[in-house]
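Participant: Below is one structure. I have some questions about it.
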Amino acid sequence: MLVVTAEEMREMDRLTIQKYGVSSLVLMERAGEGIADALKRFGRAGKMGVLVVAGKGNNGGDGLVVARLLKQKHIPCEVVLLAKRDELSPDAARNYKEFLKVRGKVVEATEGGLDRLAERLSGKGLLVDAILGTGIKDEVRGLYAEAITLMNASGVPIVAVDIPSGLHTDKGTPLGVSIQAEMTVSLGYPKLGEVIYPGLSYVGDLVVAEIGIDPRAVAEVSPKIELLEREEMRWLVPNREPDTHKGTYGHLLVMAGSRGKTGAAIMACRAAMRTGAGLVTLAAPRSLNNIFAGSLVEEMTELMRENAAEEMETPSGDEWRRLLERKDALLFGPGIGESDSTRNMLRWLLKNLEMPWVIDADGLNNLALDMDRLRKAKTPPVVTPHPGEMARLIGKDTAGVNQDRIGVARAFATEHRCYVVLKGARTVLATADGKIFINPTGNPGMASGGMGDVLAGMLAALLGQGFSPEDAMKLGVYLHGFVGDEVAAQKGAIGLIASDIIEGLPAGMRALSSVP
């Protein structure tokens with residue numbers, strides 16, 4: 001599903017109206033119809049009476065259309081206007097008159113008149129927030145701020161028109177104060193601030209209303225952000241033909257593990273097998289082989305020379321050739337440690353590797369010391385940082401990363417010509433050509449150790465099965481969260497561990513590929 005910024009939506013509106021000949025009043029009418037239709041979900045609450053609280057702009061005009069349509073359906077509805085009639089935008093003024101024609105009641109509550117709004121709130125079953133739209137950038141003050149606070153405190157369910165009033169369209173942050181909606185009806189396309197945190201906490205249920213934006217306008221603007229959807233992801237789940245064998249599904253090499261960090265390597269390998277890899281070989285320090293052999297039954301191990309800290313030594317040229325022979329993908333980094341040897345391994349891979357690969361965990365910590373080499377990588381890797389790791393990669397603090405997750409992920413991917421999985425609530429995926437995908441699956445129960453190792457193994461397994469980096473990221477990240485949601489629904493979120501995800505992967509893929 002396409003997701004748009006405020007600027008993209010404005011430009012698509014403008015092109016639809018000015019270039020492709022759709023009247024702005026027609027768009028407003030369609031918006032009102034979509035919102036009125038969505039209000040049916042509230043059933044009895046709506047029949048108790050609806051109060052539309054409208055501002056002076058086109059968002060208020062949308063609300064006035066809603067009020068007229070409800071009135072025509074004999075649903076009790078009135079409007080509180082947070083402006084004077086002569087302050088309305090041209091389209092809003094037109095719909096103000098249309099509402100009066102059906103004997104609609106409008107109460108003006110300008111400065112000092114909030115008592116009138118409070119009076120109208122009493123006894124209503126539903127509020128429609130049509131105060132502010134997508135154009136605001138500054139902190140909400142005065143009358144509008146007071147009205148928003150009053151509406152939030154009323155206890156009456158609120159449906160927001162296009163975006164909760166006071167919410168930044170692109171960042172999802174409240175501009176001083178924001179409507180706390182139970183449902184938001186986004187017009188045309190969901191807005192970026194509605195599908196990321198903290199905006200998700202204000203939007204409630206998100207419904208998208210089709211208003212007739214011309215497809216040619218969409219093509220001209222060419223939005224590059226998408227919200228992953230189950231319907232698309234289920235078609236990515238691979239099918240298995242009868243006449244196949246283990247070699248058909250890829251041989252993955254995992255370079256991981258060191259003393260005290262054996263679990264990361266084990267979970268990555270097990271996750272890769274559960275995601276359908278035909279063969280998995282773990283290259284790890286020789287002295288730790290008994291630990292790995294006791295936990296990895298289906299996987300193979302490659303015993304590597306090691307240093308005194310039980311971290312792998314850099315392979316020689318012949319050793320690299322033997323390791324990589326007949327392999328289809330590589331995962332580098334989970335628990336591998338940080339040393340001169342691991343940095344040298346990573347440098348060699350950046351310069352020479354000719355297969356798809358994932359750099360994760362300690363691999364990223366080593367990469368942070370060699371960022372200039374990433375852009376020149378022979379094969380662009382998929383990198384999987386959490387915000388702290390991304391902060392180290394770009395030389396900023398974690399807070400700075402979290403304030404602009406999409407901008408940071410996109411800038412990193414385009415600058416370094418790689419693929420980025422920036423983990424966290426609503427994981428962000430970025431490609432080297434600037435595309436962004438936002439993942440909606442996952443839950444707080446997945447905030448536990450080892451989840452990243454599992455995801456890295458899944459991504460690498462998909463690459464080994466022939467998925468493009470983009471499709472591997474999309475399916476892997478979505479599936480990871482999808483299985484987490486399935487497990488949390490069965491067992492509860494508290495105490496959910498990475499091994500639960502691994503064991504849930506086969507059933508999760510079957511459930512995801514089926515018709516919901």
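Participant: Where the only charges are on Cβ atoms (+1 Lys, Arg; -1 Asp, Glu), what is the dipole of the chain about its Cα centre, to the nearest 20 debye?
Facilitator: Here the size comes out at about 880 debye.
Participant: Calculated from DSSP H runs of 4 or more alone, at -39500 (n - 2.57) each and per residue, what is the 222 nm mean residue ellipticity of the chain, nearest 500?
Facilitator: Mean residue ellipticity, 222 nm, calculated: -12500 deg cm²/dmol.
Participant: How would you rank 492-502, 278-288, highest first, on the average number of other Cβ atoms within 10 Å across their residues?
Facilitator: For the peptides 492-502, 278-288, the packing ranking is 278-288, 492-502.
Participant: Lys/Arg Cβ at +1, Asp/Glu Cβ at -1, dipole of region 414-516 taken about the Cα centre: which of Leu455, Ile438, Val477 is farthest positive-ward?
Facilitator: Of the candidates, Ile438 comes out farthest on the positive side.
Participant: Can you order the peptides 243-253, 479-489 by their average number of other Cβ atoms within 10 Å per residue, highest first?
Facilitator: 479-489, 243-253
Participant: Which whole-Hz ³J(HN,Hα) couplings does region 460-471 yield from phi under the Karplus relation 6.51 cos²θ - 1.76 cosθ + 1.60, θ = phi - 60°, glycine and proline marked x?
Facilitator: Using θ = phi - 60°, the values come out as 5, 4, 5, 4, x, 8, x, 5, 5, x, 5, 5 Hz.
Participant: Please figure out what share of the DSSP beta bridges in region 2-223 is antiparallel and state it in percent, rounded to the nearest 5.
Facilitator: Around 5 percent antiparallel, to the nearest 5.
Participant: Could you list, in their original order, any pairs among Lys378/Lys474; Lys56/Lys435; Lys101/Lys171; Lys327/Lys396 whose Cα atoms are separated by more than 30 Å?
Facilitator: Lys56/Lys435; Lys101/Lys171; Lys327/Lys396
Participant: Then there is this: Could you work out how far the C-alpha centroid of region 454-478 sits from that of region 206-283, in angstrom?
Facilitator: Each part's Cα centre sits 3 Å from the other's.
Participant: Among DSSP beta bridges lying fully in the chain, give the percent that are antiparallel, nearest 5.
Facilitator: Roughly 15 percent of the DSSP beta bridges within the chain come out antiparallel.
Participant: Follow-up question, since we're still on this one. Given labels modelled 7 Å from the Cα in the Cβ direction, how far is it in nm from Asn352 to Arg14?
Facilitator: With each label point 7 Å from Cα toward Cβ, the separation is 5.4 nm.
Participant: Contour minus end-to-end for Thr149 and Glu98, with contour as 0.36 nm per residue of separation and end-to-end as the Cα-Cα distance?
Facilitator: 15.4 nm
Participant: What size of dipole, in debye to the nearest 20, comes out for region 232-513 about its Cα centre when the only charges are +1 on Lys and Arg C-beta atoms and -1 on Asp and Glu C-beta atoms?
Facilitator: So the dipole magnitude of region 232-513 works out to roughly 380 debye.
Participant: A further question follows. By the scheme Lys and Arg +1, Asp and Glu -1, what is the net charge of all other residues having a beta-carbon under 13 Å from that of Arg270?
Facilitator: That works out to -4.
Participant: In addition: For an R0 of 25 angstrom, estimate the FRET efficiency from the Cβ-Cβ distance between Asp115 and Ala45 and round to the nearest 0.05.
Facilitator: 0.55
Participant: Separate question: Enumerate the lysines that Lys19 could reach by cross-link, defined here as Cα to Cα under 25 Å, with residues fewer than 8 away along the same chain left out.
Facilitator: Lys191, Lys224
Participant: Which order results if Lys124, Lys378 are arranged by neighbouring Cβ count within 10 Å, fewest first?
Facilitator: Lys378, Lys124
All of the numbers you see were taken from the coordinates with simple rules; none came from a lab. None of these values were measured; they are calculated from a predicted model. All Cβ positions, even for glycine, are placed from backbone atoms using ideal geometry, and neighbour counts span all protein chains on display.
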